[in-house]
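All remarks here apply to the structure that follows.
Every number here is computed from the coordinates shown, using simple stated rules; none is lab data. For clarity, every value in this text was computed on a predicted model and none was experimentally measured. All Cβ positions, glycine included, derive from the backbone under ideal geometry; neighbour counts span all protein chains shown.
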Amino acid sequence: MDRAEEIKKFYMKHVVQAMLEDNMLKAPCPFCPSSETEEPGVLLVYLKPNSFFLGYFRCVNRCRPGGFSPYFARVMGIEPQEVPGYDPDREPYGHQTIFPANNLNAEIKKFRSFMSDTEYAYFKGLCISEAVVNEMKIGYNGRYLSYPYILDDGNCYATRCVLPEQEEDNFWHGDETFFSGEFRIFNVQEIDRCENGTLFITDGENNLLTLKELGYPCISVPSVADLESVNLERLAFVNHVFLIVTNAPEAQLAARLLASRLGFKSRIMKWAPNLTRGYTLCHLARDKGEKFRVAVTSMLKSSKSFSPFSSPEKEHRRFIDSLEREKGKTLLGMGCGFPKMDDTLSGIRGINIMGGQPKAGKSCFFIQVSTEMARQKIPVIYYDFENGRQKIYTRTLCRLSKLSEKEIRQADLKGEPLKRLERAHQDLQDMLPYFRVVTDRKLSPDVMRGQIEFLQNQTQTDHALVVVDSLHKLPFKNLSERRTGIDEWLRHMEAIRDENNVSFLVISELSRSQGGSYNMKPDLGSFKESGDIEYSADNAMILTPSWDPLAPIPSEEKKSALWLVASRENSPGKIAEYLLEYPFWGFIEE
């Protein structure tokens, strides 16, 4: 027997004089006070299969709050094992609060007696009936409306007092213990009544009243900021939660944060895009009048279960857009300025780690690659823990002008050298909006993400290149656990690569051989404290000089070979040889 049939059978068994009309059970309400002069109200039970409100009952006279089948069984004294979906291992929510002996019950009763036609007219203007106002025990203290926050024990210890039409003028009255945190839930008893069912959550007591007018089960918080304090344990046995909050970015963000904590059981109801900021359920009720139920039902039907994944439609569109952008391109990644390197790697993309012995020219190589890419208006962030910002700019100026550092510092430079220097200065200035050097040794993954997103936004691009010089000098929580720290950073780089559309160039140190030299054959095992490099790197490269970096060798003999030692998509092997142009701090690919 399916769930809908089980629930129908349950109510037909336990409700006297029950009659079925389509997907609705109707019967004389067993909860209405018996009277010789008045007939009981009508009990309605919603039995539409696959409905979010399957099994929800309520009395049209509002003699008692409605709820789902477990609550119906409790108030009728039915054995819980007879309830469809009964779980014998379910532990009810245990409240840790010790409730005080004193309460506001007498004051709430007095405030209710102060309600007059004027106050009821205010609610009628919001399309809220007198019956709903009375059901929620709302009162009036002579100036402010009183919204009682009745707790699980049936008593009220705090009430929120709000000035009609000026909701910003409000205050709390009662026991201060119940003014904040998880106690700032209006109609909190509704949660237990919605076990195995559906519950609405909204902001503002009046918005709740509009939903109660339609017969929906609902709780509310005073403001969207209070959504953060909603205790998820209280909602553990609610199957579906609909979130409908004020039409404002900060309210929608608060709803998404709660939805992310609730998971798939939550659904955020969306407003039409043409509605103004600050639009609420009260506004919708006034605007739609008798069609308010239809409008809410439409929002309910169009809502979707909260998902940590993007929609299939969005994923497909993103994929198609990516294919369109790649059409006609010779490279899948970004060009680095070295044709053979671009050809071997199909452009710079993913996480690319390059190792090399000290003084082999690793930093010089990546400075050249990254600045050339920045000159192509590709946003680049260079995280430098080796050279310093001044040295990076100076070496770039030398390479662009083909002048030595000594020459660019000459005060009497003239002729063609001066023209080259002036052009290089202009190139550097044009490049700097796309090339940012960061030397902060307190770097964290979150800071890195923020800087990437800022540069992408500032340059109006959806991609970026990040250079890390070097992997072993990134900040770690504990220097004694550097290998663990390296692996953790690589995990973060993988996430940033995928989520922020970022490519990485990362410099790594190499391990020495047993004799203390670096003459081992270039392979993946050459990387120092390699850890997860073999799993994280899309490409792993090693720059090997064919000369002794510490020996006085003529510039024309300073050649280095770049080897691809591991790759996800490309064949390992020698990429190319590179001649160092000293003292111009540049490489020429041969």
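Among the trypsin sites (Lys or Arg not before Pro) found in the range 222-304, those both in a DSSP coil and sparsely packed, with 12 or fewer other Cβ atoms within 10 Å of their Cβ, are Arg277, Lys304. The alpha-carbon of Lys137 sits under 24 angstrom from the alpha-carbons of these lysines, leaving out residues fewer than 8 places away in its chain: Lys109, Lys110, Lys124, Lys212. Sorting Met269, Met493 by the number of Cβ atoms found within 10 Å of their own Cβ, with the fewest placed first, yields Met269, Met493. Counted over the chain, the DSSP beta bridges are approximately 55% antiparallel.
Taking square-rooted eigenvalues a ≥ b ≥ c of the alpha carbon gyration tensor, is the range 105-302 rounded, prolate or oblate, where a/c under 1.5 means rounded and, failing that, a/b exceeding b/c means prolate? In terms of gyration-tensor shape, oblate. Remark: the Trp547-Trp172 segment gains 127.1 nm on full extension, using 0.36 nm per residue and subtracting the alpha carbon distance. How would you classify the range 3-82 from its alpha-carbon gyration tensor, with a ≥ b ≥ c the square roots of the eigenvalues: rounded for a/c under 1.5, else prolate if a/b is greater than b/c, otherwise oblate? It comes out prolate by the Cα gyration axes.
Based solely on its DSSP helices, what 222 nm [θ] is calculated for the chain when runs of n ≥ 4 H residues each add -39,500 (n - 2.57) and the sum is averaged over all residues, nearest 500 deg cm²/dmol?
Only helices count here, giving -10000 deg cm²/dmol.
Using C-alpha pairs under 8 Å with a sequence gap of at least 6, the mean separation divided by the residue count of the range 339-589 gives a relative contact order of 28 percent.
With the simple model of a label 7 Å out from the Cα in the direction of the Cβ, Thr330 to Lys419 spans 3.0 nm.
Please work out how much length the chain gains when fully extended from Lys473 to Phe179, using 0.36 nm per residue of separation minus the C-alpha to C-alpha distance, in nm with one decimal.
Contour length minus Cα-Cα distance gives 100.9 nm.
Full extension of the chain between Arg293 and Glu5 gives 101.0 nm of extra length, using 0.36 nm per residue less the Cα-Cα distance. Inverting the pair-averaged 1/r between distinct Cα atoms of the chain gives 29.8 Å as its Kirkwood hydrodynamic radius. Projecting the Cα positions of Thr97, Ile452, Gly41 onto the charge dipole of the chain (unit charges on Cβ atoms of Lys, Arg, Asp and Glu, taken about the Cα centre) puts Ile452 furthest along the positive direction.
With respect to the cross-link table entries Lys13/Lys265; Lys48/Lys301; Lys265/Lys304; Lys362/Lys391; Lys359/Lys559; Lys442/Lys473, which display a Cα-Cα separation exceeding 18 Å? The answer is Lys13/Lys265. If R0 is taken as 60 Å, the Cβ-Cβ distance between Glu91 and Ala411 corresponds to a FRET efficiency of 0.15.
Would you mind checking the tilt of helix 482-500 against the longest principal axis of the Cα atoms of the chain, expressed as 0 to 90 degrees and rounded to 10? Tilt of helix 482-500: around 70 degrees. Of all aspartates and glutamates in the structure, the ones whose alpha carbon falls short of 13 Å from that of Lys340, not counting any fewer than 8 places away in one chain, are Glu577, Glu589, Glu590.
Shape of the range 339-589 from its Cα gyration tensor (a ≥ b ≥ c, root eigenvalues): rounded if a/c is under 1.5, otherwise prolate when a/b > b/c, or oblate? Oblate is the answer for the range 339-589, as a/c is 1.5 or above yet b/c matches or exceeds a/b. Distance from the Cα centre of the range 40-89 to that of the range 350-370, in angstrom? With the range 40-89 and the range 350-370 each reduced to a Cα centre, they are spaced 69 Å. Taking the simple approach of a point 7 Å from Cα along Cα-to-Cβ for both Glu313 and Val447, what is their distance in nm? It is 4.2 nm. Near Pro312, once Lys and Arg are set to +1 and Asp and Glu to -1 for all other residues with Cβ below 12 Å from its Cβ, the sum equals +2. Between Lys109 and Lys304, what's the calculated FRET efficiency when r is the beta-carbon distance and R0 is 41 Å? Round to 0.05. Efficiency at R0 = 41 Å is approximately 0.40.
With both labels modelled 7 Å from their Cα along Cα-to-Cβ, the Lys559 to Glu386 distance reads 2.3 nm. Put the Cα centre of the range 292-345 next to the Cα centre of the range 178-229 and the gap is 37 Å. Of all trypsin sites (Lys or Arg not before Pro) in the range 68-143, which ones are in loop regions per DSSP and have a Cβ with at most 11 other Cβ atoms within 10 Å? Sites meeting the loop and neighbour criteria: Arg143.
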